[in-house]
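K.L.:
Below you'll find the structure I mean.
The values are calculated or read from the model by the stated rules, or taken from the named source; none is laboratory data. No experiment lies behind these values; they were computed from the predicted model shown. In this analysis, Cβ positions are derived from the backbone assuming ideal geometry, glycine residues included, and neighbour counts consider all displayed protein chains. Each accessible area value is taken on the protein alone, full model and side chains, heavy atoms only, with ligands, DNA and RNA left out. Shrake-Rupley method; radii C 1.70, N 1.55, O 1.52, S 1.80 Å.
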Amino acid sequence: MPEKLTYHGDGTRSTSQPGSWMLYGAAGYTGTLIAEHARQRGHQPVLAGRSAPGVTALAERLGLPCRELSLDDPAALTSALAGVDLMLNAAGPFLHTAGPLAEACLRAGVHYLDIGNELQVFRALYDLDERARQAGITIMPGAGFGVIATNCLARYVSDVVGGAAVLEVATRAAVAQQGPGVAATRQQNMPYGGWIRQAGLLEPCPLGSGIITIALPDGPCLIMPLPTGDLEAAFQATGAAGITAYGAVPGDPASGPKASDPAADQRPAYHSFGWARATGPDGATTQAWLQTGESYAFTATASIRAVEETLARSLSGALSPAAAFGADFVLTIPGTSRTDTIPSERP
């Protein structure tokens, strides 16, 4: 097995055996947060990406192995995965990165995870289910806040009603700093338009239509249907025939994330939320809420937990987080809680 070059924080270098997983897109905003959290938890992932200077600088700071990878060379991608058990992709827009990396993982027999929430990508990756089973690997898009929060809630409320016939999910993310990849991802996916799921099938839905108000623990929130990967992930986790995935209406003051006032020597406290409502075959309805902290910090923590669980369980197929790990997986993320009744509605 070939050795890899390791960069240490003091500037020295040494060779070591490769780590058990690779982080692609490590030099990006979210990728850096994930790499830092991985190091704190004792992991030694191979940091990879298209930008050699950025990846190298991060690897030197964290004392981790690294390599430059181009998505244009399938053979090189496959070769780069030798000795690696899992790939975590943090490089969006995932419309451009998920396909080549997932195909390389299939060829190499390596688990593939990403932190995206792009509907078209989820559809393509879930279509790889049979090939993933034959290869004995897990393919899991959505190992970040936007999907894990809703997916685990969706599974939870669906189980409560005995299998949801109709399912609604939503998130409202609080961010300390917006990563630059978010705007690019939205722009790349906008031409696909809006979608909801009806009678088990995806149906077009005009963007900006279907706005409703829901209650969150800190007040009312206007939400609108969005064509996110939740539509596929929730279906994969619950089998609900009707699914609508919502997000907070942009620019609405009442729906905006709120950060509590910090003390003089503390950072503000950020609160992100998930919501899900399920209607069962008999018409019974239940809903639940999830509360956690800043969404990028959640993604960094949750994606590493997903890596750990995937390596430990070694499941086969294309799976959503809740289908693979269960509804309570989200509660393993520190600072995350779930409730069936928000305080304002309690008697």
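K.L.:
In nm, what is the difference between 0.36 nm times the number of residues separating residue 51 and residue 177 and their Cα-Cα distance?
P.N.:
Once the chain is fully extended between residue 51 and residue 177, it gains 43.2 nm.
K.L.:
Moving on. Is any residue of the stretch 279-312 close enough, with backbone N under 15 Å, to a label point placed 7 angstrom from the Cα of residue 40 along the Cα-Cβ axis, and if so, which?
P.N.:
Residues 293-305 fall inside that zone.
K.L.:
Over what distance in Å are the Cα centres of the stretch 109-130 and the stretch 78-92 separated?
P.N.:
Going from one Cα centre to the other spans 14 Å.
K.L.:
Where Lys and Arg each count +1 and Asp and Glu each count -1, what net charge lies around residue 230 among other residues with Cβ under 13 Å from its Cβ? Provide the component values of the computation, followed by the final result.
P.N.:
On the way: positive: 123, 155, 197; negative: 118, 168, 232.
Counting the neighbours of residue 230, the net charge comes to 0.
K.L.:
Around residue 149, with a cut-off of 12 angstrom between Cβ atoms, what is the net charge of the other residues, counting Lys and Arg +1 and Asp and Glu -1?
P.N.:
Neighbour charge sum, excluding residue 149 itself: +2.
K.L.:
May I ask you to order 273-280, 239-246, 194-201 by the average number of other C-beta atoms within 10 Å around their residues, highest value first?
P.N.:
273-280, 239-246, 194-201
K.L.:
Okay, moving on. So, with a 1.4 angstrom probe, what is the percent of accessible area on the stretch 23-78 that is carbon and sulfur?
P.N.:
48
K.L.:
Could I ask something else about it? What accessible area per residue comes out for the stretch 103-176, rounded to a whole number of Å², with a 1.4 Å probe?
P.N.:
Per-residue value: 30 Å².
K.L.:
With each label point set 7 Å from Cα along the Cα-Cβ vector, what nm distance links residue 73 and residue 328?
P.N.:
4.8
K.L.:
Using a Förster distance of 41 angstrom, determine the FRET efficiency expected from the C-beta separation of residue 339 and residue 241, and round it to 0.05.
P.N.:
Between residue 339 and residue 241 the formula returns 0.95.
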